[in-house]
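The values are calculated or read from the model by the stated rules, or taken from the named source; none is laboratory data. Bear in mind that the values here come from a model prediction, so they are computed numbers and not experimental data. Counting neighbours? That spans all protein chains shown, and the Cβs are built from the backbone with ideal geometry, glycine included.
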Amino acid sequence: MSLKSRVKIKKITKLSDNHFQLDRYDIEYQRNDGTWQPQMREVYDCGDAATILLYNLQKQTIILIKQLRVPCFLNGHEAALLETPAGLLDGMSPEKRILEEIEEETGFLISKVEKIYDAFASPGALKSKTIFFIGEYTDKDKVSDGGGLEDEGEEIEVIEMPFKVAVKMLENNEIQDMKTIMLLQYAMLKIFKS
């Protein structure tokens, strides 16, 4: 039996619709024994997003970015967060959006990306899904300084580093962004195999 037949949405109450949307869902869920159980969940919808690990096999390097992430700061992370480039889809295809984000955030203009998987970061509270990509870059792909969009509050530092340095940072808990951790682990298994 599919979940679609086991979940009845009884009521949706909008709690907030500022930057993102927060809704309260009152549902009934049919348990495995056939009984229906009322449940309430608050669901935060930030919109689906795409992220990418840019890598250069010849140089054995990757591109990461650093920027202010207010929720992380509020949770005690006092440095700019080191992470992979990413952006909300805003109605665009994941491939098109990630290519725009790469150029906007890093200043690299690449033409080919490879989708590797989709993932939910916090499925108990977030509706949003992230589409993960990898893409190879070269020095000649650099067309600008990047840095993000000031009118979106972005002030992004672009960092090219040896992949081995990123792995060491990962081991030392210096990289704490989940999407970045996942992409670095993928790269350890599939791209920079030793």
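Residues in the stretch 63-81 that are touching a Leu at 6+ places or on another chain (Cβ under 6 Å) and crowded, with 20+ Cβ neighbours inside 10 Å: Ile63, Leu64.
Of all residues in the stretch 131-147, those that are within 10 Å of Ile62 (Cα to Cα) and touching a residue at least 60 places away in the same chain (Cβ under 8 Å) have Cβ atoms under 7 Å from Cβ atoms of residues that are part of a strand (DSSP E or B) and of a type in the set (S, T, N, Q), 6 or more apart or on another chain, in Glu136/Asn56; Tyr137/Asn56. In this structure, Asp33 does not satisfy being in contact with a helix residue (DSSP H, G or I) (Cβ under 9 Å, 6 or more places away or on another chain) and assigned to a loop (DSSP other than H, G, I, E, B).
For the stretch 26-60, filtered to residues that are crowded, with 16+ Cβ neighbours inside 10 Å and among the hydroxyl-bearing types (Ser, Thr, Tyr), the residue that is nearest to Met188 (Cα to Cα) is Tyr55.
Taken together, the residues in the stretch 153-181 that are part of a helix (DSSP H, G or I) and either among the basic types (Lys, Arg) or touching a strand residue (DSSP E or B) at 6+ places or on another chain (Cβ under 7 Å) (or both) amount to 6. Could you check the stretch 54-75 and list, in sequence order, the residues that are of a type in the set (A, V, I, L, M) and within 17 Å of Glu105 (Cα to Cα)? Scanning the stretch 54-75 gives Leu54, Ile62, Ile63, Leu64, Ile65, Leu68.
The number of residues in the stretch 153-190 being of a type in the set (Ser, Thr, Tyr) and either touching a Phe, Trp or Tyr at 6+ places or on another chain (Cβ under 9 Å) or free of Cβ contacts under 8 Å to residues at least 12 places away in the same chain (or both) comes to 1.
A quick yes/no check of all residues on (1) in contact with a Phe, Trp or Tyr (Cβ under 7 Å, 6 or more places away or on another chain); (2) assigned to a strand (DSSP E or B); (3) among the aliphatic types (A, V, I, L, M):
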site	(1), (2), (3)
Lys11	no, yes, no
His19	no, no, no
Arg41	yes, yes, no
Gly87	no, yes, no
Ile98	yes, no, yes
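Can you find a residue in the stretch 107-120 that is within 23 Å of Phe20 (Cα to Cα), assigned by TED's automatic domain parsing to the domain that holds Ile63 and not in a loop (DSSP other than H, G, I, E, B)? There is at least one residue in the stretch 107-120 that is within 23 Å of Phe20 (Cα to Cα), assigned by TED's automatic domain parsing to the domain that holds Ile63 and not in a loop (DSSP other than H, G, I, E, B). Before we move on, is Thr61 of a type in the set (Val, Ile, Thr), within 23 Å of the chain's Cα centre (by Cα) and at pLDDT 95 or above? Criteria met by Thr61. Evaluating Ala121 against the criteria (1) within 30 Å of Arg41 (Cα to Cα); (2) modelled with pLDDT of 95 or more leaves one unmet condition, (2). Selection of the stretch 60-78 for residues being in contact with an Asp or Glu (Cβ under 9 Å, 6 or more places away or on another chain) and over 10 Å from Tyr137 (Cα atoms) yields Leu64, Ile65, Lys66, Gln67, Leu68, Arg69, Cys72. If the condition is being exposed (fewer than 15 other Cβ atoms within 10 Å of the Cβ), within 21 Å of Lys127 (Cβ to Cβ) and in contact (Cβ under 8 Å) with a residue 24 or more places away in the chain, then the stretch 82-116 contributes only Asp90.
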